[in-house]
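Here's the structure we're looking at; comments come further down.
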Amino acid sequence: MAGELTYTPRERKMVAWSAILGYAFDFYNLIVIAFLMIPIQKSLNVSQSQTGLIVAGTLAASVLGGILFGWLGDKIGRKNALLWTLLLLALGSLASALAWDFNSLLIFRIITGIGVGGEWGAGMVLLNEVWDNRRRGVGSAIVQAMSSAGTAMASIAATVALTYFDADTAWRVALGVGGLPLLLMLFVRSKMPESRLWQEFKRRESAGELPPEKLAQTTPIVEIFKGASLRYLVVGVIIAGGYIIAYQSISIFMPTLILRDLGGNLGALRAITLWFAAVSAVGMIGGGYISDAFGRRVSIIVATLIGLAGLIAIHSTSATRFPGDYMSWGLFWAYLLWGFGQASIGQFGPWFAELYPVEMRATATSTIFNIGRLIGSMAPYIVPAIIAAGLVGSLRDAMMLGIVGAAISLVFTFLLPETVGRTFAVVEKKER
């Protein structure tokens, strides 16, 4: 049986490439609209508050999509769930490029958001079930690092489109590029294997060959709220939520801090953003090697401590205005240090996946991450509220909410069991 559940090197590569490309386009579709707000407002005659609602609707839909497709990954298979989420992602993007008013764009972006949220759970779980258990940390980190590639793609595509097309055409072209996952769907459908662990579990379930306690289980979306699964879920959500609060407290407001408060320009911001994306990717992959060598917890602790040092450095250096050359600006180097410390997110996939048995792994992993993302999405609202309430006097002070989020994530890291190197079996107990 063990031999029947293994994969060839080629099959593993196919899964890895599908996850890498899928997550790159996933992040592209999530980020690109941020570069297109002004032309969209002018073209569709929508207000700034309406564009904010479009962004919020996309994020909320991604949480829904993550939970939905995580559950579907356990019900119909990881590969089938991934195919459906890529289809929604692609069709939503192409339809968004054809939007004619606020309502149509909002609906199409919600569809896109559902696909965006679902892709992480389906792809990440499949990768971890197929990949060598000794190298899951690096494999997952490489996939997560594609968020940097997605950010760079979004920046380049938006810039090129706005340079060579009129404003109304440019934003449509940039959003339409997000429809390329339709081609990735064909690749996944023809080249990528299904999880053999999941297939064997379903075969035994249909044949009544599972232990009685497994046959008595209800749907995964209910089972993850029982026993040890619930404890892992709560702690995992807090770890992920704290991390994302820290991340969004800085990343969302850094452009405003640089351009509005510190006298920077768009050219410097674009260069700083690309440098940040590259350094973050290097940090994530490095975190993956640490994770496989010393454990998920150690990797996250090291990354979080580096990130906390970067947060303190950002606060210190943001007292100095832009000197004209970003390379000689202390804030630039502080921002890169903080970016290098964002490796934790690359280890959420393997750690959460290794905590759960196969029949609820996709549901649990995706639900934890996406509820954490929902909690973290409060940061863009809390930071301005802190300023409005008079609790701090400046944006740079309010952005230090990130220290609170990082500290919470760090503390709760000690409450999950270490799982590095854990092998997967068809039948496993909930208490991992």
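The values are calculated or read from the model by the stated rules, or taken from the named source; none is laboratory data. Worth saying up front: this structure is predicted, and the values here are computed from it rather than measured. Heads up, the Cβs are rebuilt from the backbone with ideal geometry, glycines too, and the neighbour counts pull from every protein chain shown. The area values use the complete protein model at the heavy-atom level, side chains included, leaving out ligands, DNA and RNA. Shrake-Rupley method; radii C 1.70, N 1.55, O 1.52, S 1.80 Å.
Give the number of residues within the range 161-201 that are assigned to a helix (DSSP H, G or I), more than 16 Å from ALA34 (Cβ to Cβ) and free of Cβ contacts under 8 Å to residues at least 60 places away in the same chain.
Looking only at that region, the number is 6.
Being assigned to a loop (DSSP other than H, G, I, E, B), in contact (Cβ under 8 Å) with a residue 12 or more places away in the chain and farther than 19 Å from LYS75 by Cβ, is that true of even one residue in the range 216-223?
no
Mind checking which residues of the range 303-339 are open to solvent by 60 Å² or more (accessible area, probe 1.4 Å), part of a helix (DSSP H, G or I) and over 16 Å from LEU401 (Cα atoms)? It would help to see each step written out before you state the result.
From the range 303-339, those open to solvent by 60 Å² or more (accessible area, probe 1.4 Å) are 305, 312, 316, 319-321, 323, 325, 327-328, 333, 337; that's our starting set.
Next, from what is left, pick out any that are part of a helix (DSSP H, G or I): 305, 312, 316, 327-328, 333, 337.
The answer is MET327, SER328, TRP333, LEU337.
Of all residues being hydrophobic (A, V, I, L, M, F, W, C) and touching a residue at least 60 places away in the same chain (Cβ under 8 Å) in the range 269-281, which is surrounded by the most Cβ atoms within 10 Å (Cβ to Cβ)? Just the residue, please. Give the steps one after another, and end with the answer.
Looking only at the range 269-281, we keep the residues that are hydrophobic (A, V, I, L, M, F, W, C), and these are 269, 271-272, 274-279, 281.
Those left that are additionally touching a residue at least 60 places away in the same chain (Cβ under 8 Å): 272, 274-279, 281.
Working: ILE272: 22, LEU274: 15, TRP275: 17, PHE276: 22, ALA277: 20, ALA278: 16, VAL279: 19, ALA281: 25.
Among those that are hydrophobic (A, V, I, L, M, F, W, C) and touching a residue at least 60 places away in the same chain (Cβ under 8 Å), it is ALA281.
Just checking, does the range 378-398 include any residue being out of contact with any His (no Cβ under 8 Å at 6 or more places or on another chain), of a type in the set (Ser, Thr, Tyr), in a helix (DSSP H, G or I) and surrounded by 16 or more Cβ atoms within 10 Å (Cβ to Cβ)?
Taking the range 378-398 as the starting set, the residues that turn out to be out of contact with any His (no Cβ under 8 Å at 6 or more places or on another chain) are 378-395, 398.
Okay, now just the ones that are also of a type in the set (Ser, Thr, Tyr), so 381, 394.
If we keep only those that are in a helix (DSSP H, G or I) as well, we get 381.
When the remaining residues are screened for being surrounded by 16 or more Cβ atoms within 10 Å (Cβ to Cβ), the result is none.
Checked against the condition, which is being out of contact with any His (no Cβ under 8 Å at 6 or more places or on another chain), of a type in the set (Ser, Thr, Tyr), in a helix (DSSP H, G or I) and surrounded by 16 or more Cβ atoms within 10 Å (Cβ to Cβ), the range 378-398 yields no hits at all.
Give me the pairs, please: first residue somewhere in the range 63-89 and among the β-branched types (Val, Ile, Thr), second residue anywhere and at pLDDT below 90 and open to solvent by 40 Å² or more (accessible area, probe 1.4 Å), beta-carbon distance under 7 Å, and either six or more positions apart or on two chains.
Correct list of pairs: VAL63/LEU374.
Looking at the range 26-37, which of the residues that are in contact (Cβ under 8 Å) with a residue 40 or more places away in the chain and open to solvent by 30 Å² or more (accessible area, probe 1.4 Å) is nearest to VAL426 (Cα to Cα)? Spell out how you get there, then give the answer.
Just the residues of the range 26-37 that are in contact (Cβ under 8 Å) with a residue 40 or more places away in the chain, to begin with: 26-36.
Of the ones still in play, those that are also open to solvent by 30 Å² or more (accessible area, probe 1.4 Å) are 27, 30-31, 34-35.
Numbers: PHE27: 32, LEU30: 35, ILE31: 38, ALA34: 43, PHE35: 45 Å.
Top of the filtered list is PHE27.
Just checking, does the range 405-422 include any residue being of a type in the set (Val, Ile, Thr), within 26 Å of ARG321 (Cβ to Cβ) and in contact (Cβ under 8 Å) with a residue 40 or more places away in the chain?
Our first condition is that a residue be of a type in the set (Val, Ile, Thr); within the range 405-422, this holds for 408, 411, 413, 419-420.
Add one more test, that the residue is within 26 Å of ARG321 (Cβ to Cβ), and what stays is none.
The answer is no, given that none of the residues of the range 405-422 is of a type in the set (Val, Ile, Thr), within 26 Å of ARG321 (Cβ to Cβ) and in contact (Cβ under 8 Å) with a residue 40 or more places away in the chain.
Of the residues LEU98, LEU59, LEU53, which single one is within 22 Å of LEU184 (Cβ to Cβ) and touching a residue at least 24 places away in the same chain (Cβ under 8 Å)?
Values: LEU59 fails: within 22 Å of LEU184 (Cβ to Cβ); LEU53 fails: within 22 Å of LEU184 (Cβ to Cβ).
Of LEU98, LEU59, LEU53, the one residue that is within 22 Å of LEU184 (Cβ to Cβ) and touching a residue at least 24 places away in the same chain (Cβ under 8 Å) is LEU98.
Could you please find all residues in the range 117-138 being assigned to a helix (DSSP H, G or I) and more than 20 Å from ASP74 (Cβ to Cβ)? Reasoning before the result, please.
Step one: filter the range 117-138 for residues assigned to a helix (DSSP H, G or I), giving 117-130, 136-138.
Residues satisfying the conditions are GLY137, VAL138.
Could you name every one of the helices (runs of 4 or more DSSP H) located completely within the range 1-104 that has at least 2 residues being among the aromatic types (Phe, Trp, Tyr)? Spell out how you get there, then give the answer.
Values: elements: 9-31, 37-44, 48-75, 78-96.
Passing ranges, in order: 9-31, 48-75.
Can you pull out every residue in the range 277-305 that is in contact with a Ser or Thr (Cβ under 8 Å, 6 or more places away or on another chain) and farther than 24 Å from GLY421 by Cα?
ALA277, ALA278, SER280
Report yes if GLY263 is surrounded by fewer than 17 Cβ atoms within 10 Å (Cβ to Cβ) and not in a helix (DSSP H, G or I), otherwise no. Before you say what the answer is, go through the steps one by one.
Values: surrounded by fewer than 17 Cβ atoms within 10 Å (Cβ to Cβ): yes; not in a helix (DSSP H, G or I): yes.
For GLY263, the condition - surrounded by fewer than 17 Cβ atoms within 10 Å (Cβ to Cβ) and not in a helix (DSSP H, G or I) - is met.
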